[in-house]
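The values are calculated or read from the model by the stated rules, or taken from the named source; none is laboratory data. Being a predicted model, the structure only gives us computed values, none of them experimental. As a convention, Cβ positions derive from the backbone with ideal geometry for all residues, glycine included, and neighbour counts pool all protein chains shown. Keep in mind that these areas ignore ligands, DNA and RNA; they rest on the heavy atoms of the full protein, side chains included. Shrake-Rupley method; radii C 1.70, N 1.55, O 1.52, S 1.80 Å.
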Amino acid sequence: MQKVVVLSGAGMSAESGLKTFRDTNGLWEGHDVMQVATPEGWKANQELVLRFYNERRKQLLEVLPNQGHFDLVKLEEAYDVHIITQNVDDLHERAGSSQVIHLHGELFKVRSCKDPSQVLEWKKDLRTGDLCPLGDQLRPHIVWFGEEVPLMEDAAHIISQADYIIIVGTSMQVYPAAGLITLAQPDAEVFFIDPAPSITQKKGLTILPERATTGVKKVVDTLLSK
């Protein structure tokens, strides 16, 4: 079975009505990224960080996967499909994708500040005083700026084996995730879906200058017809 690897970003979820975390001005929902997405921000104002992610969690509970998510699931009928996402939502899983790696963490999980391996499912508000089994404060299970990306090695291994790569909803300009594409096999066929593509055409690369849902459908149809 040939392997398809999907690299997805915020544009994949935007059509579900989920606001993208980071706006063009660098603010996340009106907050400086250093306040709500760094270890330093957590130390400085824990209440602000908890409130920020509680709002994001509530928003995620109100939206549904879009057609693009469901179309990617169809690929599993004929391919070994792995999704490597920069998104912290669970829309790929809710649509039915069976192999998903979240590089930047997951909104519906929290973890211990003392032991990162203590991870819990969590869909309600997280508050000061909510403790892990070890008795330490729980924090959002999100990879903040300045922190290591623990699943990067797994993602690198997966993409190095891909026959086809679909890049959707991400400009692939944020590192370390952006470096993944350099690990692809030279003969891997790449599809890049973006309304305003920032890359140029070359051999083995198909650029689809459109939004996620329409672009994904075209790529899925193409691959299923092979």
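Heavy-atom accessible area per residue, the range 30-136, 1.4 Å probe: how many Å²?
Roughly 47 Å² per residue, with all protein chains present.
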Next on the checklist: Taking all protein chains in place and a 1.4 Å probe, what share, in percent, of the accessible surface of the range 36-124 do carbon and sulfur account for?
Outcome noted: 49
Checklist outcome for this item: Glu121 neighbourhood, Cβ < 15 Å, K/R = +1, D/E = -1, net charge +1
Item to check | Top of Ser16, Ser160, Ser117 by mean-square fluctuation, Gaussian network on the chain, Cα under 10 Å | outcome: Ser117
Next on the checklist: In 10 Å bins starting at zero, report the fraction of Cα pairs in the range 148-226 per bin as a rounded %.
Outcome noted: 17, 50, 30, 3
Checklist outcome for this item: The relative contact order of the chain, taking Cα pairs under 8 Å that sit 6 or more residues apart, comes to a percentage of 24
Item to check | Cβ-defined net charge surrounding Glu210, 14 Å radius [Lys, Arg +1; Asp, Glu -1] | outcome: -1
Checklist entry - Where is the GNM fluctuation largest for the chain (alpha-carbon springs, 10 angstrom cutoff): His157, His104, His82? => result His157
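How high is the relative contact order of the range 14-138, in percent, counting Cα pairs under 8 Å that sit 6 or more residues apart? Walk me through the numbers on the way to the answer.
Numbers: 148 pairs, mean separation 23.5, N = 125.
For the range 14-138, the relative contact order is 19 percent.
Could you please report the charge total around Ala95, scoring K, R as +1 and D, E as -1 over all other residues with beta-carbon less than 13 angstrom from its beta-carbon? Don't skip to the answer; put the middle values down first.
Details: positive: Lys74, Arg94; negative: Glu15, Asp71, Glu76, Asp89, Asp90, Glu93.
With Lys, Arg at +1 and Asp, Glu at -1, the net is -4.
Given the rule -39500 (n - 2.57) for each run of at least 4 DSSP H residues, summed and divided by the residues of the chain, what is its mean residue ellipticity at 222 nm, to the nearest 500 deg cm²/dmol? Show your work: numbers first, answer last.
Working: 8 runs with 65 residues, N = 226.
It lands at -8000 deg cm²/dmol.
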Checklist entry - Computed from these coordinates, which is Cα extents along the principal axes in Å: (1) 55, 34, 30; (2) 42, 38, 32; (3) 47, 40, 32? => result (1)
Checklist entry - Can you pull the Rg over Rh of the range 92-215, Cα-only, Kirkwood? => result 1.06
Next on the checklist: Can you work out the Karplus-derived ³J(HN,Hα) for every residue in the range 159-169? Use 6.51 cos²θ - 1.76 cosθ + 1.60 with θ = phi - 60°, whole Hz, and x for glycine or proline.
Outcome noted: 6, 5, 9, 6, 8, 9, 10, 10, 9, 9, x
Checklist entry - Where in the chain lies the longest segment free of GluC sites (Glu not before Pro) that are both loop residues by DSSP (not H, G, I, E, B) and have at most 10 other Cβ atoms within 10 Å? => result 63-147
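Please compute the contact order of the range 142-226 in relative form: average sequence separation of alpha-carbon pairs under 8 Å and at least six residues apart, divided by the residue count, as a percent.
On the way: 94 pairs, mean separation 20.5, N = 85.
Worked out over the range 142-226, it gives 24 percent.
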